[in-house]
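Written out below as C-alpha coordinates is the structure these notes cover.
The values are calculated or read from the model by the stated rules, or taken from the named source; none is laboratory data. Here the structure is a predicted model, which is why all the values come from computation and not from measurement. Quick note on the areas: whole protein, heavy atoms, side chains included, nothing else; ligands and nucleic acids left out. Shrake-Rupley method; radii C 1.70, N 1.55, O 1.52, S 1.80 Å.
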Amino acid sequence: MGVLEYIASFCTITTSTNNKKKSMQTVEIKVKMDCDGCERRIKNSVKHMKGVKSVEVIRKQSKVIINGYVDPNRVLKKIKSTGKRAEFWPYVPYNVVYYPHAPQAYDKRAPAGMVKNVPQALLAPNATEEKFAYLFSDDNPSACSIM
(Lines give C-alpha, C1' and ligand atoms only; values in the text may rest on other atoms or scores of the structure.)
Protein backbone atom coordinates (compact mmCIF):
# COMPACT_ATOMS: atom_id res chain seq x y z
CA MET A 1 0.00 0.00 0.00
CA GLY A 2 1.49 3.26 -1.12
CA VAL A 3 1.53 6.55 0.70
CA LEU A 4 -1.06 8.08 -1.63
CA GLU A 5 -3.47 5.19 -1.16
CA TYR A 6 -3.02 5.43 2.61
CA ILE A 7 -3.84 9.15 2.62
CA ALA A 8 -6.74 8.59 0.18
CA SER A 9 -8.32 6.10 2.57
CA PHE A 10 -8.70 8.90 5.15
CA CYS A 11 -10.17 11.31 2.62
CA THR A 12 -12.85 9.07 1.17
CA ILE A 13 -16.25 9.06 2.76
CA THR A 14 -17.67 5.63 3.30
CA THR A 15 -21.29 5.16 4.20
CA SER A 16 -22.58 1.98 5.63
CA THR A 17 -24.96 0.19 3.31
CA ASN A 18 -26.74 -1.64 6.09
CA ASN A 19 -30.19 -0.59 4.86
CA LYS A 20 -31.95 -3.91 4.39
CA LYS A 21 -35.13 -3.66 2.35
CA LYS A 22 -38.03 -4.84 4.46
CA SER A 23 -40.56 -7.08 2.79
CA MET A 24 -44.23 -6.21 2.44
CA GLN A 25 -46.04 -7.55 5.49
CA THR A 26 -49.49 -7.71 6.94
CA VAL A 27 -49.41 -7.23 10.70
CA GLU A 28 -52.54 -8.13 12.68
CA ILE A 29 -52.80 -6.84 16.23
CA LYS A 30 -55.48 -7.30 18.88
CA VAL A 31 -56.25 -4.02 20.68
CA LYS A 32 -59.08 -3.36 23.12
CA MET A 33 -61.05 -0.37 21.75
CA ASP A 34 -64.16 1.07 23.37
CA CYS A 35 -65.09 4.14 21.33
CA ASP A 36 -64.43 6.10 18.15
CA GLY A 37 -61.75 8.11 19.96
CA CYS A 38 -59.76 4.98 20.77
CA GLU A 39 -60.06 3.80 17.19
CA ARG A 40 -58.95 7.18 15.83
CA ARG A 41 -56.00 7.46 18.24
CA ILE A 42 -54.67 4.02 17.29
CA LYS A 43 -55.15 4.61 13.57
CA ASN A 44 -53.42 8.02 13.66
CA SER A 45 -50.47 6.71 15.69
CA VAL A 46 -49.75 3.92 13.20
CA LYS A 47 -50.54 5.52 9.84
CA HIS A 48 -47.72 8.09 10.17
CA MET A 49 -45.04 5.43 10.66
CA LYS A 50 -42.47 5.03 7.91
CA GLY A 51 -43.36 2.25 5.48
CA VAL A 52 -47.06 1.92 6.38
CA LYS A 53 -49.25 1.63 3.28
CA SER A 54 -52.68 1.04 4.82
CA VAL A 55 -54.31 0.75 8.24
CA GLU A 56 -57.65 -0.96 8.81
CA VAL A 57 -59.34 -0.93 12.20
CA ILE A 58 -62.12 -3.41 12.98
CA ARG A 59 -63.50 -2.31 16.33
CA LYS A 60 -66.06 -5.11 16.62
CA GLN A 61 -63.28 -7.73 16.57
CA SER A 62 -60.76 -5.49 18.42
CA LYS A 63 -58.41 -5.94 15.49
CA VAL A 64 -55.99 -3.63 13.67
CA ILE A 65 -54.55 -4.68 10.28
CA ILE A 66 -51.45 -2.84 9.04
CA ASN A 67 -50.02 -3.38 5.54
CA GLY A 68 -46.62 -2.08 4.55
CA TYR A 69 -42.88 -2.36 4.78
CA VAL A 70 -42.76 -2.34 8.57
CA ASP A 71 -41.28 -4.23 11.48
CA PRO A 72 -44.10 -5.96 13.43
CA ASN A 73 -42.45 -5.35 16.80
CA ARG A 74 -42.13 -1.61 16.13
CA VAL A 75 -45.81 -1.43 15.16
CA LEU A 76 -46.80 -3.24 18.36
CA LYS A 77 -44.62 -0.90 20.43
CA LYS A 78 -46.15 2.16 18.73
CA ILE A 79 -49.69 0.96 19.49
CA LYS A 80 -48.77 0.22 23.11
CA SER A 81 -47.45 3.79 23.40
CA THR A 82 -51.05 5.04 23.04
CA GLY A 83 -51.84 3.48 26.42
CA LYS A 84 -53.87 0.57 25.07
CA ARG A 85 -53.15 -3.07 25.84
CA ALA A 86 -52.09 -4.73 22.60
CA GLU A 87 -50.80 -8.10 21.42
CA PHE A 88 -50.28 -9.87 18.12
CA TRP A 89 -53.47 -11.44 16.74
CA PRO A 90 -53.69 -14.79 18.58
CA TYR A 91 -56.48 -16.40 16.54
CA VAL A 92 -56.54 -18.55 13.39
CA PRO A 93 -59.53 -19.75 11.34
CA TYR A 94 -61.36 -22.77 12.73
CA ASN A 95 -60.80 -24.89 9.62
CA VAL A 96 -57.00 -24.42 9.60
CA VAL A 97 -56.46 -26.07 12.98
CA TYR A 98 -56.51 -29.88 13.06
CA TYR A 99 -57.85 -30.19 16.63
CA PRO A 100 -60.01 -27.09 17.26
CA HIS A 101 -61.39 -28.46 20.56
CA ALA A 102 -57.96 -29.11 22.08
CA PRO A 103 -57.33 -27.70 25.55
CA GLN A 104 -56.55 -23.98 25.48
CA ALA A 105 -57.52 -23.65 21.80
CA TYR A 106 -61.17 -22.79 22.36
CA ASP A 107 -61.70 -19.22 23.54
CA LYS A 108 -65.23 -17.93 24.04
CA ARG A 109 -64.01 -14.35 23.47
CA ALA A 110 -62.64 -15.27 20.02
CA PRO A 111 -64.47 -13.95 16.95
CA ALA A 112 -66.87 -16.30 15.19
CA GLY A 113 -65.09 -19.05 13.27
CA MET A 114 -61.76 -18.51 15.06
CA VAL A 115 -59.79 -20.44 17.68
CA LYS A 116 -56.54 -19.67 19.48
CA ASN A 117 -53.33 -20.64 17.75
CA VAL A 118 -51.81 -23.08 20.24
CA PRO A 119 -49.38 -25.97 19.58
CA GLN A 120 -51.79 -28.56 21.03
CA ALA A 121 -54.28 -27.87 18.24
CA LEU A 122 -51.82 -28.57 15.44
CA LEU A 123 -51.25 -31.98 13.91
CA ALA A 124 -48.10 -33.79 15.02
CA PRO A 125 -45.60 -34.02 12.13
CA ASN A 126 -45.34 -37.82 12.38
CA ALA A 127 -49.11 -38.51 12.48
CA THR A 128 -49.65 -39.78 8.93
CA GLU A 129 -51.95 -42.71 9.79
CA GLU A 130 -54.86 -40.34 10.39
CA LYS A 131 -54.46 -38.83 6.93
CA PHE A 132 -54.54 -42.26 5.32
CA ALA A 133 -57.51 -43.39 7.39
CA TYR A 134 -59.50 -40.43 6.06
CA LEU A 135 -58.72 -41.36 2.45
CA PHE A 136 -60.58 -44.66 2.78
CA SER A 137 -63.44 -43.66 5.05
CA ASP A 138 -67.12 -43.77 4.12
CA ASP A 139 -67.42 -40.06 4.87
CA ASN A 140 -65.13 -39.19 1.98
CA PRO A 141 -67.18 -39.17 -1.27
CA SER A 142 -64.12 -39.47 -3.51
CA ALA A 143 -62.68 -42.49 -1.67
CA CYS A 144 -63.65 -44.87 -4.51
CA SER A 145 -61.59 -42.92 -7.02
CA ILE A 146 -58.43 -43.76 -5.09
CA MET A 147 -59.08 -47.49 -5.19
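Below are the figures for this structure:
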quantity	calculated
Considering residues of the stretch 89-111 that are of a type in the set (A, V, I, L, M) and within 21 Å of Thr26 (Cα to Cα) only, the residue nearest to the chain's Cα centre (by Cα)	Val92
Subset of the stretch 100-134 [modelled with pLDDT of 80 or more, open to solvent by less than 70 Å² (accessible area, probe 1.4 Å) and among the small types (Gly, Ala, Ser)]	Ala110, Gly113
All strands (runs of 3 or more DSSP E) inside the stretch 1-87 with 3 or more residues being at pLDDT 90 or above and farther than 28 Å from Asp107 by Cα	52-58
